[in-house]
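Okay, structure first, notes after.
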Amino acid sequence: MHLEVPAVSPLPVPLAAGPSPSPPPSQTAPSVPTLQDAQQSATNAAGWVEENWSTWLAIGLQVLLIVVVAVVLRVVVRRAITKLIERMNRTAQSVDGTAIGGLLVNVERRRQRSQAIGSVLRSVASFVILGTAALMILSTFKINLAPLLASAGVAGVAIGFGARNLVTDFLSGVFMILEDQYGVGDSIDVGVASGEVIEVGLRVTKLRGDNGAIWYVRNGEVKRVGNLSQGWATAGVDVTVRPSEDLDHVKAVLTEVGEAMSKEEPWNEMLWGPVEILGLDSVLLDSMVVRVSAKTMPGKSLTIERELRWRIKRRFDQEGIRIVGGLPLQQDEESAADPTAGMAAPSAFASTTSPQAVAASPIAPPTSTTK
């Protein structure tokens, strides 16, 4: 007999001892910096500073130098502009050393004009100097300025198109102040409005009209300016008399009126010349016009004209000289009124025997006859 021996599984062979697998990185404990690591980091930082300190020092010195030069240059330029404005004021105060020159220069007008010019020049100088310094500092830090300048140029063009009216007003105001076209206290006519200047700005000019209204006129809208307060003004009066008046007598009376007015206060200060009789301005069938003129202080022509008319009228009344004009002349001696002018013509029906009255009378009825 054959006996079957059951198969016996082999015993597991023990593995050889070796290193255990390392856990995943997520399960490792954080490493604690050691003193050697700190020393290494400090050494690297010191080496980097040692390598670049000269570059940073040079950049810092350049920035400091640019700032100092810009500040000093700005102070010097602003003081130079202030001295220039003061010298302009002193020159304006001594115009030919005459009384007329002194009257031409108004204190408030000169002060405001100098302040406006000085403010514009100082602002422009500060903007140019500080802007240039800022660009130089940026270039020191190795910053590319091309995109910045291109963006600034595009922005400037866009602002210029969008605010062209504002730019026009500003530039017109600058040139108006520099050219001294008008100032505070002047009586001007700018087309759209007229009156006395009470404030001059770089964008608008404020005027007070004859009726008291304040007009704000944009400097860019002013196409022409008529200044009635610079130099001197002219007062003109037209005296209309009858053609039968003695011209020599009329001229003598007007001359006496002008001489008397030029010797009295305050008219002697307003009159900058004698009252002149220019002669006949026109001769008509019913009148003739004598022209009287005088050179006056700026802005006082209307006052002189009113006073001249007042004095001429009073003196002519004393001399028996008649002023005409406007209405037709009246006869000195009126003819007697016709007493029959207000009576109606006699009527034809007033007489009972007139044919009209007979025709209009009623027809009598026929009488009856008795048989």
Does G131 satisfy being open to solvent by less than 90 Å² (accessible area, probe 1.4 Å) and at pLDDT below 80?
-> no
Which condition number in (1) open to solvent by less than 40 Å² (accessible area, probe 1.4 Å); (2) not in a helix (DSSP H, G or I) is the one that V120 fails?
-> (2)
Residue that is modelled with the highest pLDDT, among those in the range 269-310 that are of a type in the set (D, E, K, R) and surrounded by fewer than 13 Cβ atoms within 10 Å (Cβ to Cβ) | R306
Do we have E108 as more than 16 Å from L228 (Cα to Cα) and either modelled with pLDDT of 80 or more or of a type in the set (F, W, Y) (or both) here?
-> no
Restrict the check to the range 221-236 and report whether at least one residue is without any contact (Cβ under 8 Å) to a residue 40 or more places away in the chain, under 23 Å from R122 (Cβ atoms) and open to solvent by 40 Å² or more (accessible area, probe 1.4 Å).
-> no
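The values are calculated or read from the model by the stated rules, or taken from the named source; none is laboratory data. Please read these numbers as outputs of a predicted model, since none were measured by experiment. Cβ atoms come from the backbone with ideal geometry, glycine included; neighbour counts cover every protein chain shown. Each accessible area value is taken on the protein alone, full model and side chains, heavy atoms only, with ligands, DNA and RNA left out. Shrake-Rupley method; radii C 1.70, N 1.55, O 1.52, S 1.80 Å.
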